[in-house]
Amino acid sequence: MAALKLKNFSMEETTNMYEHKTDYYHSSKMVLRRGQEFKITLHFNRPIQKKEQVKFYVHTGPNPQEDYYTLAVFELSKSGSNTYWTATTDSLASSDVNVTITSPADAPIGLYKTSLQIYSKNRKSHSKLHDFILLFNPWATDDDVFMEDENEKIEYVLNDSGIIYFGDKDSIQEMGWNFGQYEDGILETCLQMLNRSLNYKEDKTLDASKRCDPAYVGRVLSAMINSFDDKGVLEGNWDTRFSGGVDPSNWNGSVEILTMWRRRGYKPVKYGQCWVFAGVLCTALRSLGIPTRVITNFVSAHDKDSNLSIDSIYSSSGRSMGKDSLWNYHVWNESWFTRNELGESYGGWQVLDATPQELSGGIYCCGPASVHAIKEGDVDLNHDGPFIYSEVNADRNTWIYYDKDVKEKVYTNTENVGKNISTKAVGSDERIDITESYKYPEGSPEERAIYLKAREKLIKMGIINKDGLSKRGIGKKRRKKRNGETDLDEAETVKEKLDIDGKFELISSTAFGDDISLTLTLTNTGKKTQSLNVKLSSSSIEYTGKPIAELFSDQTSFTLAPKKEKQIPVNLYASQYEEEIINHNLIEVVALCILKSGKKMLVRKVLFIERPPLKIQILANALVNNPVEVEVTYTNPLSTNLSDGVLSVGGSGLVKKKMKRKVPDLGPRETRTVLIEITPSRTGKKQLVVDFTSKHFSAIKGFHTINVTDVDVDVDVDVDVDVDVEADDELYE
C-alpha cells in the first residue's frame, strides 16, 4: 500500500466566510472569527489507516511558539481532543475527508499560516494549506468581546458607515463617516498598524502573543492612529493652515486615509483632528472584530495637571486667553470588551482615544478606560482614568488675567463640563445621549460625592496634594515664587455669589452670511443699586476653544436699581465674521461685568454659525449593480462670488472610488443642483456622503442613507462607498 499523501484540498472560503459573517471583506485571504468552527476538505490518495497520523500546524507571528500560544499543533481525530485547537471528522472511511477545525476563543488575532503533516509508512510528509486571517468574535460567548444583542453587533461590528457629531452643545451638528472596513486592503492595513507599533518592534514574539487581548490591541491602535512616537497613520494639525496636506474637515471617511498611508510607504497622512482620529480608529477596531462606536463629548475638558479642574483665563477686556483647556467638543471611541484584570463590573464599554493630547505610559495614546469606572470615580484603574474623568466632569475655574503678577479667580462652575455626550443609535440615524453612562446628574449628591472620591484617590496616588495641586503645579508654583510671579492656584479664591445675574439670549438666526443679534440681560437680584462697567468682546474660535481672531470689542457703563434688569443689544455683522470662521464656524461672545466694588462676573456664549444645508435625493430605487441618479443641491454661503467649489462623493458599497467634481462658478448665496450617477455594488443599508468644499469655508457636509436591494421594489433609500487598496501578501516583516 502506497504511503498516504494529500492530493489537493479546499478551504471552503465562501461557506466559511458566510458563516463567520466576514464575506464582505475584500481580502486575498480567508477571514475567520476565533472561537468558531470552520470546515475544510482534504483529498488524499486513499483512506487514512488507524496507525497513520494527520497533524495540523497553525501559527501566527514572526517567531511562533506553543508557550506563547502563537503556534498550535493538533491531530485530526474522530472524537476531538483537549488541545488548544481541535480538528475533527465524522468519517475516515473515504479518501475525501471533511474536517471541522475550531480555534479557541482567546487565540491571538492576526494572519495565520497553516500546514499539514502526515505520518505514514515510517515517513513524514509536509503540505502547505492556505493562510487565513483570524479576528475577534463578538458572536462567541467565551470571547472577551462577546456582545449579546444581535442588533448591537450589526451596528458596532458589521456596519461600515456611521455618524459623527460636532458643533456646540446648543447646536449639535452631524456628519456622515465612511468607515469602510471591508474595502480592498483595509484589513491588511489595520494588521500592518500592529506590525509597525513600538510594541512589535520591541518584542515581536510577545506582541504577537498579546494580540489575544482586545484591551492590548485597542491600546496599541490608539497609539498607531496618530503619528507621534511611531510614525503612525495621521499627523495632527490644529492650526488654521494646512499646507502640504488636507484640511481635516475635508475628510469624509477612513478608506482614503488608510489607503494613502499604505501607498506612500507608511508615511503619516496630513492632517487629522479629533473626529478624524476617532473615525479611523473605529475602522481599525471594527475591522479586527472589536465592537466600537464613536462618541462626542460637548464642553470637553483638557486637564493637563490631572487635578480634575480646568482654568479658563480671560484678559481684563474679556478676551479668551485659554490654551486649549476646554474644547467645544471632543470625539473619541468606545469599544466593548471584558476587563478581567479589573473585575466583572468594569467590563462593557471602554474609552479609547487616538487624538494625541497627553502622554500615557510615555507615548501618545489613551485608554482603554472603563466607562463604569469613570462614572464611579475609580480613577486609579488602568488606563488614563484621571484624564478621561476630567474630560467629562472637571470643575471649571474662570480667571481674569491682568498681567503676569495679578490674576483673579472670579467664578467656579461645577456643572459646566461634559454635556450631551452623544453617539449614533443602534439601527437608525438618530442621536442618543449617553451622558448618564459617564456621570451622575449634575448637581446631584451622587455626582459631588463621586467627584470628591476621585480627588481622594488622586491624593492617595500622589498625583495631587490635599489642596488639589498636582505635582506639576507645585513645581511651577515654586519656580514662579523664585521669579516673583503669582501662580493661578495662589490667586484670589472664588468670590461670594454676586447680586447680579447675567445671560446672553440669541434673537436672530445664526445662518452664515446673516447679521447676528443677541441680547445681554443683566438683573440686579440684590437690595442695593449697583454701578456696572460692562466690557463686551467677541472672537472666532477653534473647536478646542482657542481664539483665532477678535471680531469686535465695546464697553458701556450704567447703574441698575434693585430687582431691575438691563438689556444690552449685541450685534455681530456678517462682514465682521465671514472671513474669520473658515475652519470651525464657532464664535465666542463674552461680557465681563465689573461692579463699583471691584467684584466681577463673566457671561459667555458660544455660537455655531450654520452653513446652508447640502441636500441629497435619490431619484429611483437603488438596485445592486445598476446605475442610479442622485440629485445634490448646494449653495454658495458667501456674499461674494465663489470660483473654487468642489463636490466630493463617497460611500462604501455605492462608489468604487471617491469622486470629485469641480462645480461651475456661483454667485453670492446662489443655489444650484447637479445630478451624479452612482452604481451600488452591495445590498443593504449604505451611506452616501457628499462634501461641498472651498478654501473660503470649512466643508459643508451631507449624507443620505440608502437601502440597496437586488429587486425593484418600493423601499426607502440608503447608500455606501468603495476605494481600491493594494493588498499586502506579507503581514509579518
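Worth pointing out:
- Hey, Ile507 at pLDDT below 95 and farther than 30 Å from Leu469 by Cα or not: no
- Strands (runs of 3 or more DSSP E) fully within the range 122-187 counting 2 or more residues that are open to solvent by less than 10 Å² (accessible area, probe 1.4 Å) and either at negative phi or not aromatic (Phe, Trp, Tyr) (or both): 132-135, 161-168, 171-178
- Close pairs from the range 138-154: first farther than 15 Å from Ala105 by Cα, partner part of a loop (DSSP other than H, G, I, E, B) and of a type outside the set (A, V, I, L, M, F, W, C), Cβ under 8 Å, at least 6 apart: Asn151/Gly427; Glu152/Pro291; Lys153/Pro138; Lys153/Pro291; Ile154/Gly427
- Of the residues in the range 561-573, at least one is among the acidic types (Asp, Glu) and either exposed (fewer than 14 other Cβ atoms within 10 Å of the Cβ) or over 30 Å from Asp239 (Cβ atoms) (or both).
- Residue that is modelled with the lowest pLDDT, among those in the range 101-121 that are over 17 Å from Tyr57 (Cβ atoms) and open to solvent by 10 Å² or more (accessible area, probe 1.4 Å): Lys121
- Near pairs, Cβ below 7 angstrom, 6+ apart or cross-chain, from the range 82-94 (among the β-branched types (Val, Ile, Thr)) to any residue that is part of a strand (DSSP E or B) and open to solvent by 50 Å² or more (accessible area, probe 1.4 Å): Thr89/Asn98
- Qualifying positions in the range 194-214 - farther than 18 Å from Phe132 by Cα and open to solvent by less than 10 Å² (accessible area, probe 1.4 Å): Ser197, Tyr200, Asp207, Pro214
- Cβ separations smaller than 7 Å between residues 6+ apart or across chains give the following pairs from the range 407-424 residues that are small (Gly, Ala, Ser) to residues that are open to solvent by less than 20 Å² (accessible area, probe 1.4 Å) and assigned to a loop (DSSP other than H, G, I, E, B): Gly418/Lys439.
- Failed condition for Asn199, given (1) free of Cβ contacts under 8 Å to residues at least 24 places away in the same chain; (2) closer than 25 Å to Trp275 by Cβ; (3) not in a loop (DSSP other than H, G, I, E, B): (2)
- Inter-residue pairs, beta-carbon under 7 Å, first open to solvent by 50 Å² or more (accessible area, probe 1.4 Å) and in the range 598-614, second among the hydroxyl-bearing types (Ser, Thr, Tyr), 6+ apart: Glu610/Thr510
- Scanning the range 313-330 for residues that are out of contact with any strand residue (DSSP E or B) (no Cβ under 8 Å at 6 or more places or on another chain) and open to solvent by less than 10 Å² (accessible area, probe 1.4 Å) turns up nothing.
- Checking each residue in the range 521-570 for being of a type in the set (A, V, I, L, M, F, W, C) and outside any strand (DSSP E or B) picks out only Ala561.
- Positions within the range 413-447 being among the β-branched types (Val, Ile, Thr) and open to solvent by less than 40 Å² (accessible area, probe 1.4 Å), in sequence order: Val417, Ile421, Thr423, Ile434, Thr435
- Matching residues in the range 662-683 - criterion: being free of Cβ contacts under 8 Å to residues at least 60 places away in the same chain and either assigned to a loop (DSSP other than H, G, I, E, B) or in contact with a helix residue (DSSP H, G or I) (Cβ under 9 Å, 6 or more places away or on another chain) (or both): Val663, Pro664, Asp665, Gly667, Pro668, Glu670, Thr679, Pro680, Ser681, Thr683
- Residues being assigned to a loop (DSSP other than H, G, I, E, B) and out of contact with any helix residue (DSSP H, G or I) (no Cβ under 6 Å at 6 or more places or on another chain) - total across the range 265-287: 4
- Residue that is most open to solvent (accessible area, probe 1.4 Å), among those in the range 494-520 that are among the β-branched types (Val, Ile, Thr) and not in a strand (DSSP E or B): Ile507
The values are calculated or read from the model by the stated rules, or taken from the named source; none is laboratory data. Every value quoted in this text rests on a predicted model; they were computed, and no experiment measured them. Glycine also receives a Cβ, built like all others from the backbone with ideal geometry; neighbour counts cover every protein chain displayed. With ligands, DNA and RNA removed, areas are computed over all heavy atoms of the protein, side chains included. Shrake-Rupley method; radii C 1.70, N 1.55, O 1.52, S 1.80 Å.
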